[in-house]
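Here's the structure, in structure tokens; my notes come after.
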Amino acid sequence: MLSSLKPKALVIRESKIIHKSAIVHPLARFVTEEAICLRFQINREDIYTVECWRYIIYVHGKGVSKFVSYADFPPILGVKAPTQSDVAKWRRRWRKQHEPHRHKQAPHWWGEFFIDEFSQAHSEAMLHSWVELVESIQFAFNTEKLAELRNSYQQEKLLLRS
């Protein structure tokens, strides 16, 4: 007798990210719904729309109506790797956003973003790609956060092997 179990269906979601400008900002490639959720502490369902304009992003969601900079978003896999120009834009943004003792580092939620991505990796190769990306921008994290990211990577690596 054949099994009546249905195979897992592929879930295709419509992106809530809309590009409103004919000229796409170089950092627009890093804008993701996952990052927006972490940045504003909301669920994906609570995002109504994310409008990417030429120089700024407008995030509209449940309890959120904010303009944010492209330089607020961490790098991701699957797009062009961060360039020196990207790094310069991040550093300039960090100097403006943080208390003086943290003005050379990424916001705290970037670490949480990468830990989340480690846990969602489907293969050891993908996990390794994420950790290589983090290592390429290790200047963005203090030593404690970098150690936490490395520990998270090791734990996820062990889970994938078992």
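The values are calculated or read from the model by the stated rules, or taken from the named source; none is laboratory data. This structure is a prediction, so every number in the text was calculated from the model and none was measured. In this analysis, Cβ positions are derived from the backbone assuming ideal geometry, glycine residues included, and neighbour counts consider all displayed protein chains. Areas reflect the complete protein model, heavy atoms only, side chains present, ligands, DNA and RNA absent. Shrake-Rupley method; radii C 1.70, N 1.55, O 1.52, S 1.80 Å.
Points worth noting:
- Whole-percent carbon and sulfur share, accessible surface of the stretch 116-162, 1.4 Å: 51
- Percent accessible area from carbon and sulfur atoms, the stretch 56-108, protein chains only, probe 1.4 Å: 54
- Antiparallel bridges, percent of DSSP beta bridges restricted to the chain (to nearest 5): 75
- Sequence-separation-based contact order of the stretch 27-72, relative, with Cα cut under 8 Å and 6+ spacing, percent: 29
- Fraction of antiparallel bridges per DSSP, the stretch 11-85 only, in percent to nearest 5: 75
- The chain: projected area of the alpha-carbon convex hull, averaged over directions, in nm²: 12.4
- Distance violations [Cα-Cα > 25 Å] among 66/96; 62/145; 16/62: 62/145
- In plain terms, if you count all Cα to Cα distances in the stretch 89-162 and split them into 10 Å steps from zero, the share in each step is 20, 48, 24, 8, 1 percent.
- Note that the stretch 85-162 presents 59 Å² accessible area per residue, ligands and nucleic acids not counted, probe 1.4 Å.
- Counting only DSSP H runs of at least 4 residues, each contributing -39500 (n - 2.57), and dividing by the residue count of the chain, the helix-based mean residue ellipticity at 222 nm comes to -13000 deg cm²/dmol.
- Dipole of the chain, positive end: most advanced residue of 88, 35, 146 [Cβ charges, Cα centre]: 88
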